[in-house]
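The values are calculated or read from the model by the stated rules, or taken from the named source; none is laboratory data. Because the structure is a prediction, the values reported are computed rather than measured. Glycine gets a Cβ as well: all are built from the backbone with ideal geometry, and neighbour counts include every protein chain shown. The protein model used for the area step is the full one, side chains on, heavy atoms only, and it has no ligands, DNA or RNA in it. Shrake-Rupley method; radii C 1.70, N 1.55, O 1.52, S 1.80 Å.
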Amino acid sequence: MSGFDLIIFDCDGVLVDSEIIAAQVESKLLTEAGYPISVEEMGERFAGMTWRNILLQVEKEVDIPLSASLIDKSEKLLDARLARDVKIIEGVTFALSRLTTQRCICSNSSAHRLDMMLEKVGLKPYFAPHIFSAKDLGPDRVKPKPDIFLHAAQQFDVSPSNVLVIEDSVHGIHGARAAGMRVVGFTGASHTYPSHADRLTDAGAETVISRMMDLPAVTAALTEWAGAL
């Protein structure tokens, strides 16, 4: 139904409502470590970033030595919460059932976490085996670097310029745009905040949607708009 060769979906905050859970777990850990931060601020500032890179950013800002054990502690706590509480984003199955373009997932989450979440909400059959974790490329190649997006384009043998990416974070959009891809921003997950749409647009999203069920129509419109240029 679209002129794109590939549609790339982020996972956290786009397919599953997991960013709010991560913000809850990580804000608690940072606050206990001496860096007070609310769940809302956590989502606004760090959504889309790996926990490792969040800790590195915090250490740059304040003179608080953060224990390496925080990485393992967060992973265990977050995996347990996600396994229990993560839910699908409303409208995702509707959108996927109407988009005939080949698709994949590009995420900063680990492969095992992606597998667990997608299995839990029933989305794995829609994407497998094309589920890519940036962490598998290396710790220094995660979003906002474009590496995972370019990796996906190579797997499908398509031009980055003819790929559409669906992202909920500024960091993810920066990575997709650096890869030369077009982007639709998404603000329909629980971690959204008042300036979310504006920030995604400023980062390079061509348009922003808050309902996943609108994606098929928006994708078709973007195709027509590009064809008219």
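Against the empirical 2.2 N^0.38 Å scaling, what ratio does the C-alpha Rg of segment 46-149 come to?
Working: Rg = 15.7 Å, N = 104, 2.2 N^0.38 = 12.8 Å.
Cα-based Rg divided by the globular estimate yields 1.22.
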Using just the C-alpha positions of segment 1-70 as equal point scatterers, what log10 of I(q)/I(0) does the Debye formula give at each q in 0.20, 0.21 1/Å?
-0.81, -0.88
Please work out how much length the chain gains when fully extended from THR223 to THR201, using 0.36 nm per residue of separation minus the C-alpha to C-alpha distance, in nm with one decimal.
6.1 nm
For THR201, what is the net charge nearby, where nearby means another residue's Cβ is under 15 Å from its Cβ and Lys, Arg count +1, Asp, Glu -1?
-2
Extension length gain for ASP140 and ASP72 (0.36 nm per residue less Cα distance), in nm, is 22.7 nm
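Ranked from the most accessible area to the least, with a 1.4 Å probe and all protein chains present, what is the order of HIS151, HIS112? Could the numbers behind the result be given before it?
Numbers: HIS151 50, HIS112 105 Å².
These residues rank, largest area first, as HIS112, HIS151.
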Too-long pairs where the Cα-Cα distance tops 20 Å, listed order kept, from LYS73/LYS143; LYS73/LYS135; LYS124/LYS145
LYS73/LYS143; LYS124/LYS145
Rounded to the nearest 10 Å², what accessible area does VAL25 show when all protein chains are kept and the probe is 1.4 Å?
10
If I take R0 = 25 Å and measure r between the Cβ atoms of ARG52 and ASP85 in this structure, what FRET efficiency does the formula 1/(1 + (r/R0)^6) give, to the nearest 0.05?
0.65
Given H placed on each backbone N at 1.01 Å, which residues far from ILE209 in sequence or on other chains put an amide H within less than 5 Å of it?
GLY185, PHE186, THR187
Mind checking which of PHE132, PHE186, PHE94 has the largest fluctuation in a GNM of the chain, springs on alpha carbons under 10 Å?
PHE94
Relative counts (whole %) of C-alpha pair distances in the chain, using bins that are 10 Å wide:
8, 35, 38, 15, 4, 0
I need to check one value: relative contact order of the chain, counting alpha carbon pairs closer than 8 Å and at least 6 residues apart, in percent.
28
For the Cα atoms of the chain, what angle does the longest principal axis make with the long axis of helix 147-156, in degrees from 0 to 90, nearest 10?
40
Within a Gaussian network of the chain (alpha carbon springs, distance under 10 Å), most fluctuating of LEU137, LEU123, LEU15:
LEU137
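Which whole-number percent gives the relative contact order of segment 95-229, counting Cα pairs below 8 Å spaced six or more residues apart?
On the way: 185 pairs, mean separation 25.4, N = 135.
Over segment 95-229, the number comes to 19 percent.
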Quick tally, 1.4 Å probe accessible area for MET117, MET213, sorted with the most first, runs MET213, MET117
Helix 69-85 versus the longest principal axis of the chain: what angle, 0 to 90°, nearest 10, using Cα atoms?
50
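Take the alpha carbon gyration tensor of segment 106-192, find the square roots of its eigenvalues, order them as a ≥ b ≥ c, and report rounded if a/c is under 1.5; if not, report prolate when a/b exceeds b/c, else oblate.
Values: a/c = 1.42, a/b = 1.20, b/c = 1.18.
Rounded, since a/c falls under 1.5.
Percent relative contact order of segment 151-229, based on C-alpha pairs within less than 8 angstrom and at least six residues apart?
24
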If you fit an axis through the alpha-carbon atoms of helix 19-32 and take the longest principal axis of the Cα set of the chain, what angle between them do you get, 0 to 90°, nearest 10?
20
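How would you classify segment 45-98 from its alpha-carbon gyration tensor, with a ≥ b ≥ c the square roots of the eigenvalues: rounded for a/c under 1.5, else prolate if a/b is greater than b/c, otherwise oblate?
Values: a/c = 4.51, a/b = 2.05, b/c = 2.20.
Oblate.
Determine the order of ARG103, ARG211 by accessible area, beginning with the largest, at a probe radius of 1.4 Å. Spell out each step's value before the answer.
Numbers: ARG103 40, ARG211 120 Å².
Greatest to least solvent exposure: ARG211, ARG103.
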